[in-house]
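Worksheet: the structure to be examined is printed underneath.
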Amino acid sequence: MKFRIFTYTLLAAVFLGCDSKLDIPDPNRLSSDEYYSTEEQAVASVDAIYNTLIIDGWYQRMTPIYNDSRSDEVGSRSPWAFLTGLSNFTLPPADEGGDIFWAGHYITVNRANQALENVPNVPDLDPALTDRLLGQAYFLRGLAYFKLANQYGNPVLVLETPVGVEALYPSNEGVTKEGVYEQVKMDLEMAIDLLPTSYAGISGPDANQSGRATKRAAQALMGKVLLYEGEYAQALPFFETVITSGEFALAENYADIFSGDPALEQADPGKIFWAEFTNSTNPTPNWGGDPNVNWRQFNALSLTYSVANFFDFYPTNWLYNEMRQELTVDGNLDERYHATILSYEPEEGYDMAFGQPWPYGENDYFLKKFTLADMGGNADFSGINYPIIRYADVLLMYAECLANTGNIGAAAEYVQIVRDRANLPDRESEFAGYTLDQFMDQLAHERVMELAVESSRWFDIMRWGWLDDAQKLQLLQAHDPEFLNFTPDRKLIPIPLNEMNNNPNLVGNAAND
């Protein structure tokens with residue numbers, strides 16, 4: 001049984017940088033003093049945190065775009081200056097589009113803080129359910145701050161609901177990415193302790209529901225945080241626990257992960273944590289705000305990445321060629337290419353687009369992943385789920401940690417496991433004989449093949465130090481001419497000027513200068 005992200009908590013909203021002039025009670029939005037009196041309200045308060053994952057400021061559109069557009073996998077041709085500014089490293093702090101990601105993530109933080117403070121006080125709440133709800137709130141707050149730290153470097157760290165006017169204007173003076181990571185790890189430690197490995201077999205209103213955060217999701221995310229810090233030895237046991245649990249496997253058909261077919265996506269054995277969208281035709285799009293009975297839950301990437309819709313982004317020539325480098329043992333293109341790139345390949349059965357005979361030039365190619373190119377339909381109602389943590393990524397991150405702790409032989413085994421699903425030649429023994437530099441170059445290719453246009457590549461090249469290496473930066477510029485605009489301060493997204501104008505205690509980062 002899935003749980004749909006629909007119920008929401010009726011609490012007074014708190015937005016950072018908002019100077020409220022009036023305090024008028026809303027009978028439809030109860031204060032925390034009036035709320036948190038029943039089990040149903042406790043569960044709804046945590047469901048409200050999940051709701052934020054499917055709005056524009058998160059996985060509906062902006063979180064993927066922030067990362068994919070700045071990588072060498074994707075370029076922008078959008079008429080919206082905000083998107084092209086993101087993609088070509090020229091986004092000014094004053095662009096109001098920058099408010100969307102910031103606001104969306106702090107709504108998540110605020111809702112998580114409210115749940116953490118109030119769920120323990122709900123009368124007669126089952127202790128096991130209390131633990132599960134708190135574990136989810138810690139996990140989601142940790143995820144939000146992980147994203148905020150990666151994008152801004154010095155986000156404001158708010159760990160409790162604001163009380164009083166002064167608390168509405170927190171400062172990020174002295175906040176560092178490393179310090180935020182420490183908070184993320186503390187949240188994840190709590191989540192690991194409190195969360196179940198599965199919601200099957202438990203008792204309570206969340207019994208047998210899929211889509212909620214689990215202990216394995218928290219362990220995988222903890223490993224990823226440590227990997228991003230370069231703490232390979234510390235990350236190893238977290239990935240190893242997920243892998244040896246036996247709870248996950250690679251999907252037999254890679255394209256099923258992005259099919260939009262609820263049955264196929266639900267059956268994916270490699271999903272660890274994801275943002276769940278639906279093909280609802282309800283009239284109110286989920287760009288933001290609170291859900292209601294008319295709320296749609298669609299994935300807007302199907303509009304944004306699609307040549308048949310907004311067509312804001314396109315695959316770079318480099319991505320197209322990189323994904324065609326190595327054929328399968330049968331002499332065909334990698335199935336992951338076909339799930340990522342829309343191109344005319346009639347000899348392999350790919351001669352349609354959006355349910356119609358190929359309407360473009362025979363040498364044209366576009367993005368396919370997260371679009372409706374395979375099945376057709378109205379992208380305004382796309383229900384393609386967004387994989388936030390999946391098993392294949394865990395295997396590749398584990399391989400990276402093994403290689404960087406001196407065990408390239410074992411690392412090669414896990415890389416080949418991922419390749420085997422794609423029916424690629426067995427090169428395990430070859431990879432096992434590589435130097436660390438050679439292995440990491442190969443791993444960079446393998447991660448593109450498996451995770452292209454999934455928010456990974458930008459942070460991979462950043463954490464690997466490519467942006468600080470003149471030769472690697474030159475390579476990125478050859479892959480994607482947008483990198484010709486890159487300067488070191490543009491590793492970060494500027495803190496929105498609107499927020500700094502509304503909150504005099506906020507300081508900018510290097511991208512604001």
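The values are calculated or read from the model by the stated rules, or taken from the named source; none is laboratory data. Predicted model only: the values in this text are computed from it and were never measured. Please note: Cβ atoms are built from the backbone with ideal geometry, for glycine as well, and neighbour counts cover all protein chains shown. Protein only, heavy atoms only, side chains kept; ligands, DNA and RNA dropped before computing areas. Shrake-Rupley method; radii C 1.70, N 1.55, O 1.52, S 1.80 Å.
Considering only protein heavy atoms and a probe of 1.4 Å, how much of the accessible area of the chain is carbon and sulfur, as a whole percent? Can you show the working numbers first?
Numbers: 9800 of 19680 Å².
Heavy-atom surface of the chain belonging to carbon and sulfur, 1.4 Å probe: 50 percent.
Principal axis extents of the C-alpha atoms in the range 217-367 (largest first, rounded to whole Å): 50, 50, 29. Both the radius of gyration and Dmax for the range 151-270 are 18.3, 54 Å, in that order, over alpha-carbon atoms.
Rounded, prolate or oblate: which one fits the chain, using the alpha carbon gyration tensor with axes a ≥ b ≥ c (rounded when a/c is under 1.5, else prolate when a/b beats b/c, else oblate)?
Values: a/c = 1.43, a/b = 1.37, b/c = 1.05.
The shape class here is rounded.
Loop-located GluC sites (Glu not before Pro) across the range 448-502 with a Cβ neighbour count of 12 or fewer within 10 Å are lacking, with loop assigned by DSSP. Taking the C-alpha atoms only, the angle from helix 215-228 to the longest principal axis of the chain is near 70 degrees. Excluding same-chain neighbours fewer than eight residues apart, the lysines reachable from K271 by a Cα-Cα span under 21 Å are K2, K147, K215, K224, K368, K369. Calculated [222 nm] ellipticity per residue, helices only, for the chain: -12500 deg cm²/dmol; basis is -39500 (n - 2.57) per DSSP H run with n ≥ 4, divided by all residues, nearest 500.
Can you give me the relative contact order of the range 352-497 as a percent, contacts being Cα pairs under 8 Å and 6 or more apart? Before the final figure, lay out each step's value.
On the way: 103 pairs, mean separation 20.1, N = 146.
RCO, the range 352-497: 14 percent.
Ranked by the mean number of other Cβ atoms within 10 Å of their residues, highest first, the peptides 459-469, 206-216 come out as 206-216, 459-469. 3J(HN,Hα) along the range 260-270: x, 7, x, 5, 5, 5, 5, 7, 4, x, x Hz, from the Karplus curve 6.51 cos²θ - 1.76 cosθ + 1.60 with θ = phi - 60°, whole Hz, x for Gly and Pro.
Taken per residue, the accessible surface of the chain reaches 38 Å², heavy atoms only and a 1.4 Å probe. Backbone amide hydrogens, once placed in the peptide plane, bring A353 within less than 5 Å of W358, excluding anything fewer than 5 places away on its chain.
Residue by residue, the range 388-394 carries 3J(HN,Hα) couplings of 7, 9, 10, 4, 4, 5, 4 Hz when phi is fed to the Karplus relation 6.51 cos²θ - 1.76 cosθ + 1.60 (θ = phi - 60°); x denotes Gly or Pro.
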